[in-house]
Amino acid sequence: MNKISIRNLSLTYSDGTQPLRDISFDIPANQISVIFGPAGGGKSSLLRTLNRLNDLTDLQVQEGSVLLDGSDLLDPSLDVIQLRRQVGMVFARPVVLPLSIKKNVTYGLEVAGETNKDHLSEAVESSLKKAAIWDEVKDRLDDPAIALSGGQQQRICLARVLALEPEVILLDEPTSGLDPISTGKVEESLQDLKREYTIVLVPHSVQQAARTADQAIFLLQGELIEVNSGELMFTNPQDPRTQDYIQGRFG
Amino acid sequence: MISKQKIGINPKPPKREFLITALIKAAGYSAIIFVGMIFLFLLVESLPALREVGLSNLLSSRWYPIEDHYGVLPLIGGTLIITIGATMIALPFGVGTAIYLSEIAPRWLRETLKPIVEILGGLPSVVLGFMGMLILSPYLRIWLDLPTGLSALAGSILLGGIAIPTVVSISEDALDAVPRSYRDASLAMGATEWQTIWRVTLPAARSGVLTAVMLGIGRAIGETMTVMMVTGNAPILPTGIKDLFSPVRTMTATIAAEMGEVANSSTHYHVLFLIGIILFLISLVVNVTASAVVFRQKKSQERILS
Amino acid sequence: MTMKLSARQYKQRLGFSLLTLMTFLTIIPIMGVVIYIIYLGLPAINLEFLTGFPREGMREGGILPAIIGTFYLTLGTAIFAVPLGIGSAIYLSEYAPDNKATQLIRIAIINLAGIPSVVYGLFGLGLFVLFLGFGTSILAGSLTLSIMTLPVIISTTEEALRAVPQSFRTVSMSLGATKWQTIRRIVLPQALPGILTGVILGLERAAGETAPILFTVAAFFLPRLPNSPLDATMALPYHLYVISTQVPGMPIKIQYGTALVLLAFVLSMNLVATAIRSRARARRQW
């Protein structure tokens, strides 16, 4: 069952650069799809298309189709506000909002109009638990989120996305600034989360890709080179360019 | 919990933001409207002067409205000489102090001195004029053996003082904004702190410092009360450096001093508006040129950084 | 190698000393002025001076009407300039596209900032006092002063808004917030100390200005308090100007006393602004 279907997606910025050219692949539901490749390959642009965050940049042309459960995400009349609640994103550096831990987690709910205090508290507890950080912060929910360590902050970022009960979670190099232990914790959480959500991950290393991928997509300079299951991609890549990259001959 | 909507073709995001967005947009454009209004008004009230007085009178070097002499050259000259004098004081002292505070002074000293400089910036010009009148001018008279201390020099010194806080504060912010990594990189290559300042930090902050100096000069040109109180208010065309020590009169002081005694819509009234529009145009030219410089500076910096 | 190092270090020491000297040459006169005014003005300050009305052609008594007048003018300026200025800054920082129209707005603001204060007075006289018929009034004076104060408020507010990291906005919008929600909940609150500082500094300047109020509001001999915005009023800066240049036999004590009150008014605003700024820097969450 495909959650997201991408067909012939191309992006052009106002200065003429094309981060993505004619990309087509599917993202199955309740799996971790990993989009990997060298820097500048278009991975972040692809991710940001999925929650229409590219609208905030000087993107000029969006071609092709991106279907989420059959509806076209690229439709200009789409309610992108609602979309972003259904497709959540965790960024590369943990960016906590300048608010308390609790307010960080409830932010998305509050701007959506949720005012019921009980609902909010429930959401806080359940999302912090899913992000595997409830025990560490449950006694200091009113402390500023900035006081936490990098790894903890990143899990707060995950929790605030989870509070909105999205269908898809996008993660753009979520562990790039974190120590190995925090990285491991995040990867563990993803395995748990995929049962309920569809996960699209841009890893910060090939090793992370190999560890986590159910499906792997190799993107090189805006072009889709290869799509395969996680196992096959990293044991027997088909395209020589994929092989070279995985083996570290360039990157 | 929030209702889950299937993503589909929905109408545009809620209209409730339309009003606030419109208000903000209107506020954004208000500046243009105000400038336009001011220019239009000055224009309408000053054009009659050209008709009633004639260019040859206006360009003469005699300002004596009582006898229908409306030569504005002495006034322009007065403004010019004082502005130049003020810049010669404000630029070195202002930028120098900014560099000292931002790059050299230890933190505790900087935190103490910076507010003091800002105090000078907050001093009302009438207070400075007051002090200048009672203290600076008499001292100038005594030290320099002049017939009167009320002179262009007194005006220049005070105006330089008025411009300095603007120059210091904005330059200092600009220098402060230069990323630490620039300085570190320079020092790591073996440069001294002094060299780093002049070759790396100051050039990187160039657009901000330029803006600072421009704004400082702008303040000097536009000053009214201070010059009214210390420059002697004699509308004599300054012809050389020597005239720094004699009284002059600026355009601003002329308007302020004579507007109150002028009949509405008389020729004198219109000529004062004419002086007003000249001032407006001068500040327009100064500002637009300087901001163009800043703009070009920023563009080239962006190219370098990318 | 050692020789070269010495020469450079010598140059550095010289340069540093020069700059230190320059700085102190700038600082010392400032402190001198303030101290002098305090020293000579303090004897005049007593309860009567601050709360009483002038007598004997201003040569005795108090300056209450001038104090109240300046207060009202500052308030009036705030009422007009603050919402307009902040709104304008929000537009520039958060909404304005990068095109010619926006450039034009910026040029307009720079121009407004550079217009001499006396030209504002001229404009205020022509438009508010005469054309719109407000007469010499607090209303005319406040409107004039507020246009004059606008550029300061706009630029400091815009700076404060831009200082808020872009990542906050991106994150906020990725969580389903609209642009205005993002501004209202994250950007404005974070920028607030900077905005307040700018507003106070702008108002401080407005309070001390004489030229714009010369023909739009200021009266010299008006020994009663204003009753409505359409009244003219005395004001501290104008009062100081007149008593120091146009009234023979004015006791020096009164002149310095008036200067001191004006200074205190203005400096206290400065202090508040600085305090806000320092506190904000310490408590910044990014």
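FYI, it's all coordinate maths here, none of it is from the lab. None of these values were measured; they are calculated from a predicted model. Heads up, the Cβs are rebuilt from the backbone with ideal geometry, glycines too, and the neighbour counts pull from every protein chain shown.
Quick notes
- Whole-number percent relative contact order across chain A, with pairs defined as alpha carbons under 8 Å at least 6 apart: 27 percent
- Local electrostatic count at C:Thr26 - Lys and Arg +1, Asp and Glu -1, tallied over other residues with Cβ under 13 Å: -1
- On Cα atoms only, tilt of B:107-122 relative to the major axis of chain B in degrees: 50 degrees
- Relative counts (whole %) of C-alpha pair distances in chain C, using bins that are 5 Å wide: 1, 5, 10, 12, 13, 13, 12, 10, 8, 7, 5, 3, 1, 1, 0, 0
- In this calculation the C-beta distance from A:Phe250 to A:Asp58 is compared with R0 = 22 Å, giving a FRET efficiency of 0.15.
- Sites listed here are trypsin sites (Lys or Arg not before Pro) in the range A:178-251 whose DSSP assignment is loop and whose Cβ has at most 14 other Cβ atoms within 10 Å: A:Arg195, A:Arg249.
- Share antiparallel - DSSP beta bridges, the protein assembly as shown, percent rounded to 5: 60 percent
- Here the range C:64-282 is treated with +1 on each Lys and Arg Cβ and -1 on each Asp and Glu Cβ, and its dipole about the Cα centre works out to around 500 debye.
- Alpha-carbon centroid distance for the pair the range A:152-195 / the range A:203-224, whole angstrom: 17 Å
- Dipole of chain B computed with +1 at Lys/Arg Cβ and -1 at Asp/Glu Cβ about the Cα centre; of B:Gly208, B:Thr166, B:Leu284, farthest Cα towards the positive end is B:Gly208.
- Rough spin-label spacing in nm, given labels placed 7 Å along Cα→Cβ, for C:Phe53 and B:Val44: 3.9 nm
- Amide hydrogen neighbours beyond the local backbone of A:Met89, cut-off 5 Å, H modeled: A:Leu170
- Scattering profile of the protein assembly as shown at q = 0.05, 0.08, 0.09, 0.11 Å⁻¹ [log10 I(q)/I(0), Debye over alpha-carbon scatterers]: -0.37, -0.82, -0.96, -1.22
- A simple count of charges around B:Ala31, restricted to other residues whose Cβ falls under 13 Å of its Cβ and scoring Lys, Arg +1 and Asp, Glu -1, yields +1.
- Cα-Cα over 27 Å, subset of A:Lys103/A:Lys185; A:Lys102/A:Lys194; A:Lys3/A:Lys130; B:Lys242/C:Lys11; A:Lys43/A:Lys138; C:Lys100/C:Lys179: B:Lys242/C:Lys11; A:Lys43/A:Lys138
- Taking a point 7 Å out from the Cα of B:Glu52 in the direction of its Cβ, the residues of the range B:261-287 whose backbone N falls within less than 12 Å of it are B:262-274.
- Net charge dipole, chain B: roughly 1580 debye, given to the nearest 20, about the Cα centre with Cβ charges of +1 for Lys and Arg and -1 for Asp and Glu.
- Per residue of C:235-247, other chain Cβ atoms within 10 Å of the residue Cβ number 3 on average.
- Rounded to 0.05, the FRET efficiency of the A:Glu196 and A:Asn2 pair, given R0 = 22 Å and the Cβ-Cβ distance, is 0.80.
- In a DSSP loop and with at most 15 other Cβ atoms within 10 Å, the trypsin sites (Lys or Arg not before Pro) in the range C:191-279 are C:Arg224.
- The charge dipole of the protein assembly as shown, taken about its Cα centre with unit charges on the Cβ atoms of Lys, Arg (+1), Asp and Glu (-1) only, comes to about 1020 debye.
- Taking every residue in B:108-119 and counting other chain Cβ atoms within 10 Å of its Cβ, the average works out to 4.
- Near A:Leu220, the amide H atoms lying under 5 Å from its own belong to A:Ile225; only residues 5 or more places off or on other chains count, and H is placed 1.01 Å from N.
- Our coupling estimate for the range C:65-78, obtained by passing each phi through the Karplus curve with A = 6.51, B = -1.76, C = 1.60 and θ = phi - 60°, is x, 5, 5, 4, x, 4, 4, 4, 4, 4, 4, x, 4, 4 Hz, Gly and Pro reported as x.
- Amide H contacts under 5 Å for B:His69, placed H, 5+ residues apart: B:Tyr64
- Straight-line cross-link partners of B:Lys25 among the aspartates and glutamates, defined as a Cα under 19 Å from its Cα and at least 8 positions apart when in the same chain: B:Glu17, C:Glu94, C:Asp98, C:Glu158, C:Glu159.
- Charge tally for B:Ile81 (other residues, Cβ to Cβ under 14 Å; Lys, Arg +1; Asp, Glu -1): 0.
- Most positive-pole-ward Cα, A:Ile32, A:Gly16, A:Leu67, against dipole of the range A:1-68 from beta carbon charges: A:Ile32
- For the peptide C:9-18, the mean number of other protein chain Cβ atoms found within 10 angstrom of a residue's Cβ is 4.
- The angle between the Cα long axis of helix B:206-222 and the main principal axis of chain B comes to about 30°, on a 0 to 90 degree scale.
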